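As structure tokens, the structure follows; a few thoughts come after it.
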Amino acid sequence: MNVRSTLTWTALTLVVAGSSLAPNGHAETVTPHVAQAVPNAVDETLGIRVPESKLARDAAQVIRDTETELLFQHSMRVYYWAALAGKRKGLSFDPELLYVAAMFHDYGLTAGYGESHLRYEVDGANAAREFLRSHGISEADGQRVWLAIALHTANGISPHMEPTAALLAEAANMDLVGAGFDDFTAEQRRAVEAAYPRPPQFAEGFLQTLYDSLKHRPETTQGTGLADVMAYKDPGFRRRDFSNLMRKSRWTTGQ
């Protein structure tokens, strides 16, 4: 087993090792859980609650044990933006699955993937699916979360998928670049930020986190907005030129 796999499964087994399957198919965890993190005042203001199930608490525990505070707070805000958007649009979604997707959507940026050459979105999606399997969640629901995480940076695709994927991508864009900012009321924005602050230096901190995780696998950023991060942080980075690839392909050169 390589270093990346070892580190990743160390994090996941913090939850799995102390669990047994309950009759409902979810894990009955006997280790301590993360305390409910959301202040009651925020719940009442927003009309949105973080799921209180063992599945949700275990997901939060994994993320707390592996992600930085910046990523954890971002993931919590993403859950709220997603749930609020779903409520506003009258969409039917599973809050537990949406919460797990939000918790794991940046998991591929954690230290355990320092040797990975997969797209970080796929690393996070794989970890989320294994986490859900370990808790007895169906393969169909695991695949739903996998697709939501794997495609959350693919602008133009996720909005046409089922609600978990559409809402996760929308919420991530809201928290990162303010897309749809005015679709949320000032009261909603204040409530979420009061519970899970977005510090003034968030943008630079998040960009640095992306770069630190992607600089050893720059090939995975090509064709995505993540290539912009690489170019911003590394003056020597060169974006792939698709037109040039076609013009110099074996088909064109005859070699």
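Exactly one residue out of Leu210, Leu151, Leu168 is in contact with a helix residue (DSSP H, G or I) (Cβ under 9 Å, 6 or more places away or on another chain), within 27 Å of Thr45 (Cα to Cα) and crowded, with 18+ Cβ neighbours inside 10 Å, and it is Leu168.
Could you say whether any residue in the range 173-185 is farther than 23 Å from Ala101 by Cα and at pLDDT 95 or above? Yes, that holds for at least one residue.
Of the numbered criteria (1) within 27 Å of Ser116 (Cα to Cα); (2) in a loop (DSSP other than H, G, I, E, B); (3) of a type outside the set (Asp, Glu); (4) in contact (Cβ under 8 Å) with a residue 60 or more places away in the chain, the one Arg239 fails is (4). The single condition among (1) modelled with pLDDT under 95; (2) farther than 28 Å from Pro200 by Cα; (3) of a type in the set (Gly, Ala, Ser) that Ala154 does not meet is (2). Restricting the range 215-236 to residues that are among the charged types (D, E, K, R) and in a loop (DSSP other than H, G, I, E, B), the residue that is surrounded by the most Cβ atoms within 10 Å (Cβ to Cβ) is Arg217. Taken over the range 120-166, the criterion of being of a type in the set (A, V, I, L, M), touching a residue at least 60 places away in the same chain (Cβ under 8 Å) and assigned to a loop (DSSP other than H, G, I, E, B) is satisfied by Ile137, Ala154.
Quick grid of which residues meet (1) of a type in the set (A, V, I, L, M); (2) closer than 22 Å to Ile137 by Cβ; (3) within 15 Å of the chain's Cα centre (by Cα); (4) modelled with pLDDT of 95 or more:
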| residue | (1), (2), (3), (4) |
| --- | --- |
| Gly47 | no, no, no, no |
| Glu69 | no, no, yes, yes |
| Ala83 | yes, yes, yes, yes |
| Leu91 | yes, yes, no, yes |
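The values are calculated or read from the model by the stated rules, or taken from the named source; none is laboratory data. What you are looking at is a predicted structure, and each value in this text was computed from that prediction instead of being measured. A quick note on method: Cβ atoms are made from the backbone with ideal geometry, for glycine too, and the neighbour counts reach across all protein chains shown.
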